[in-house]
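Presented below is the structure to which this report refers.
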Amino acid sequence: MKVKCMFNMGKDLPLRTLEVGDLPSTEYQLRIGDEYVVYSISIWNGAIYYLTKDKYMTLPSWYPADLFTVIDNLLPLEWYFSYHGFKENWKLNAIWGYKEIALDEKHYEGLIEREDTAIRIFLKRKQEIEELYE
């Protein structure tokens with residue numbers, strides 16, 4: 001899936017996303033008008049987020065979906081889905097993406113914590129996903 005950045009400020013997000021924890025004062029490291037490949041999609045505390053990376057960083061980050069518009073709806077055939085529900089102590093409600101991120105909570109957490117093993121797996125899956133668009 002590919003998206004185009006339409007906004008890069010928290011003040012442009014809907015109230016529901018701001019209630020999740022994003023701040024109106026946040027300036028995201030995204031360029032308006034740039035296109036981004038989505039490597040995973042999650043519902044976190046009821047809001048949709050995309051895992052992507054800006055063109056100037058090597059590490060991925062989760063960004064609110066409301067910052068983007070979808071320009072290519074194709075999802076990789078190898079994607080998996082995991083539903084966690086709306087549990088009190090776990091904010092990740094659902095996730096779509098490559099096998100490790102969807103099925104292994106330790107990988108999901110490791111990616112957020114920037115652990116070497118998780119980053120290596122991400123970079124491998126990133127390359128595979130990007131081959132779809134070449």
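Only counting other Cβ atoms within 10 Å, I'd like Thr17, Thr52 sorted with the fewest neighbours first.
Starting with the residue having the fewest Cβ neighbours, the order is Thr17, Thr52.
Among residues other than Met9 whose Cβ falls under 12 Å from its Cβ, what is the net charge (Lys/Arg +1, Asp/Glu -1)?
So the environment of Met9 carries a net charge of -3.
So if I take the alpha carbon set of the stretch 1-83, get Rg, then get Rh from the Kirkwood formula, what is the Rg over Rh ratio?
Across the stretch 1-83, the Cα-based Rg/Rh ratio is 0.95.
Write down, largest first, the equivalent ellipsoid semi-axes of the stretch 15-134 in whole Å, where each equals the square root of 5 times an eigenvalue of the alpha-carbon gyration tensor.
Listed largest to smallest, the semi-axes of the stretch 15-134 are 20, 19, 14 Å.
What length, rounded to one decimal in nm, is gained on full extension from Asn45 through to Glu113, with 0.36 nm per residue of separation minus their alpha-carbon distance?
The span from Asn45 to Glu113 would gain 22.6 nm if fully extended.
Over the stretch 2-133, what is the mean sequence separation of C-alpha contacts under 8 Å (at least six apart), divided by residue count, expressed as relative contact order in percent?
Relative contact order, the stretch 2-133: 22 percent.
Pull up the cross-link candidates among the lysines for Lys11, meaning alpha carbon to alpha carbon under 25 Å and not fewer than 8 places away within one chain.
Answer for Lys11, where 25 Å is the Cα cut-off: Lys2, Lys53, Lys55, Lys91, listed by chain and number.
Tell me, what HN-Hα J-couplings in whole Hz come from the Karplus equation 6.51 cos²θ - 1.76 cosθ + 1.60 at θ = phi - 60° for each residue of the stretch 110-119, using x for Gly and Pro?
Using θ = phi - 60°, the values come out as x, 5, 5, 7, 6, 6, 3, 4, 5, 5 Hz.
Can you put Arg114, Arg125, Arg31 in order of Cβ neighbours within 10 angstrom, beginning with the fewest?
Placing the least packed residue first, the sequence is Arg114, Arg31, Arg125.
Quick check on the exposure proxy: order Phe122, Phe81 from fewest to most C-beta atoms within 10 angstrom.
Ranking Phe122, Phe81 by Cβ neighbours within 10 Å, fewest first, gives Phe81, Phe122.
All of the numbers you see were taken from the coordinates with simple rules; none came from a lab. Everything numeric here is computed off the predicted structure, so don't read it as measured data. Glycine gets a Cβ as well: all are built from the backbone with ideal geometry, and neighbour counts include every protein chain shown.
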